[in-house]
1. Tell me yes or no: at least one residue of segment 133-142 is of a type in the set (D, E, K, R) and either open to solvent by 10 Å² or more (accessible area, probe 1.4 Å) or outside the structural domain of Leu436 (by TED's automatic domain parsing) (or both).
2. Phe383 is checked against (1) open to solvent by 20 Å² or more (accessible area, probe 1.4 Å); (2) within 14 Å of the ligand (Cβ to nearest atom); (3) out of contact with any Lys or Arg (no Cβ under 8 Å at 6 or more places or on another chain) and fails just one. What number does that condition carry?
3. Among (1) assigned to a helix (DSSP H, G or I); (2) closer than 22 Å to Thr148 by Cβ; (3) away from the ligand (no atom under 16 Å from the Cβ), where does Ala246 come up short?
4. For Glu282, work out the one condition from (1) assigned to a helix (DSSP H, G or I); (2) within 21 Å of Asp370 (Cα to Cα); (3) open to solvent by 10 Å² or more (accessible area, probe 1.4 Å) it doesn't fulfil.
5. Just give me the residues in segment 339-363 being in a loop (DSSP other than H, G, I, E, B) and either within 22 Å of Val272 (Cα to Cα) or open to solvent by less than 10 Å² (accessible area, probe 1.4 Å) (or both), in sequence order.
6. For segment 399-419, check the following and say yes or no: at least one residue is within 16 Å of the ligand (Cβ to nearest atom), charged (D, E, K, R) and touching a strand residue (DSSP E or B) at 6+ places or on another chain (Cβ under 7 Å).
Amino acid sequence: MKAINPATGQLIQQYDQHSDAEAAAIVEAVDLAFTSWRRTDFSKRRLMMKQAASILRDRAEKYGRLITLEMGKILVEGIAEVNKCALVCDYYADNAEAHLADQDIPTEAHRSFISFQPIGTILAVMPWNFPFWQVFRFAAPTLMAGNTGLLKHASNVPGCALAIEEVFRDAGFPEDTFRTLLIGGSRVKPVINHPAVKAVTLTGSTPAGRSVAAAAGRAIKKTVLELGGSDPYVILEDADLPAAAASCASSRLLNSGQSCIAAKRFVVIESVASEFTRLLVEEMSSRVLGDPLDPLSHMGPMARIDLRDELHQQVLDSVAAGAKIVLGGEVPTMTGAYYPATVLSEVRPGMPAYDDELFGPVASVIAAKDEADAIDIANDTVFGLGAAVYTRDIERGQRIAAEELQAGCCFVNDFVKSDPRLPFGGIKESGYGRELHALGIREFVNQKTVMVSGA
Ligand code: NAP
């Protein structure tokens, strides 16, 4: 397993994968740890999780740098990601007990209630794009619920995978309550089938989700899937266009465009489409592409050369089908997996820029006749992760967000973000289940009915 710096193409470190026997031994050790961890009370779990948050804050610079080296995001974003992980640890340390408190339901019995009990070892198959955040938003609720965690991280971020294991160990969590498996995607099925693994969560592409969910389904194990997206951002004719363009550019370019909830398709009412496109190009062209360790860079390379080349091919195929390049669209000559901020206009169905997820800094602008047409175009996708609408009419925006846009997270006049206090997840081929909030911690617990009658 090789960690390669996408900014330079150089090998950072090579790691030996766990053999099948080593992987099975880790799974069994984590299962064994569950027997006592499930009986550890909330106050002890809380102290350890608070300690994990404190370690993350203390080491934000060190781990942020590791993230930057392994997958290329600018250092300031890497550090912010580690600090956000501390927030989710704090959130579940403070709220897990209340989220999992018994829920009484009045019946004719002496007492009836729902009791939320841990179920065992949860396997997490995770992506490289937010290599700390994606894992902590699984790990914090999992451990606070009394479950134990197994991480199979993306193969290009093994250093991050081991660093996360180190955080929990250093925070005082008992041996083997959280372990990392260094294995590739092709070796996940036997782990899913292992009787010790009770459920699986995957964050990643739709094909990976399909494959993991099929294997888990055969083994009758619950899954949560957080998959890809092609989030539509609807710009209405009454929007504050400069503010909308700034917000849309930030969302599209954060993490070099490699975010599941990045703005990907900009659906703009015809009468303001050319002005919005001009402002979007102005915003996107002002962001500096360069060395992710240089504080002057706004955007680093993509995470891998193959992903950059795949994105460029999607741009070329869209152009061949009639899209126009308004900005960028050419692979830079510099070493590394760099791709420039790119804007495509005249995007239509049948083009990758319309139909597929573009997982990099490429914005697709699509003109719509009116509000109804914009909503139809926004929903004309197999995905349903996030969506946004920009309008000065808050009531109109709220109605469209709540009732019209087909996505799991819909924002008005802002770009879609994850927040531990709010549930996060998708519909359609963006997956199912929720992370974060009370809904997230209740995904992998036995929601047990208890009915007590008098003697
Ligand atoms: P990916 O190729 O699907 O990989 C994600 C993880 O799944 C990796 O650990 C990978 O392992 C593993 N994997 C891949 N194929 C597998 C298979 N057939 N069986 C078992 N495991 C398999 O995705 P990615 O390129 O890392 O991430 C980008 C995608 O993730 C985008 O589509 C993005 O939208 C999505 N994403 C979604 C969310 C969300 O919350 N909805 C958040 C972030 C990213 P290897 O690395 O060893 O192949």
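1. To start, the set of residues in segment 133-142 that are of a type in the set (D, E, K, R) comprises 137.
In the following step, the residues that additionally are either open to solvent by 10 Å² or more (accessible area, probe 1.4 Å) or outside the structural domain of Leu436 (by TED's automatic domain parsing) (or both) were identified as none.
No; the residues of segment 133-142 include none that is of a type in the set (D, E, K, R) and either open to solvent by 10 Å² or more (accessible area, probe 1.4 Å) or outside the structural domain of Leu436 (by TED's automatic domain parsing) (or both).
2. Status for Phe383: all satisfied but (3).
3. Failed condition: (2).
4. (2)
5. First, pick out the residues of segment 339-363 that are in a loop (DSSP other than H, G, I, E, B): 339-341, 346-351, 356-361.
Hits for segment 339-363 are Tyr339, Ala341, Glu346, Val347, Arg348, Pro349, Met351, Leu358, Gly360, Pro361.
6. Initially, segment 399-419 is screened for residues within 16 Å of the ligand (Cβ to nearest atom), giving 406-411, 415-419.
Applying the additional criterion that residues be charged (D, E, K, R) yields 417, 419.
Those left that are additionally touching a strand residue (DSSP E or B) at 6+ places or on another chain (Cβ under 7 Å): none.
No: zero hits.
Residues are listed down the side, and each one gets a yes or a no for (1) open to solvent by 10 Å² or more (accessible area, probe 1.4 Å); (2) outside any helix (DSSP H, G or I); (3) more than 16 Å from the ligand (Cβ to nearest atom):
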residue	(1), (2), (3)
Met49	no, no, yes
Ala109	yes, yes, yes
Gln117	yes, yes, yes
Ile122	no, yes, no
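One line per residue, one yes/no per condition, for (1) assigned by TED's automatic domain parsing to the domain that holds Ala262; (2) crowded, with 19+ Cβ neighbours inside 10 Å; (3) of a type in the set (S, T, N, Q):
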residue: Ala387; (1), (2), (3): yes, yes, no
residue: Gln406; (1), (2), (3): yes, no, yes
residue: Leu436; (1), (2), (3): no, yes, no
residue: Ile441; (1), (2), (3): no, yes, no
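The values are calculated or read from the model by the stated rules, or taken from the named source; none is laboratory data. Because the structure is predicted, anything quoted here is derived from the model rather than measured. All Cβ positions, even for glycine, are placed from backbone atoms using ideal geometry, and neighbour counts span all protein chains on display. To get the accessible areas, we keep the full protein, side chains included, count just its heavy atoms, and leave off ligands, DNA and RNA. Shrake-Rupley method; radii C 1.70, N 1.55, O 1.52, S 1.80 Å.
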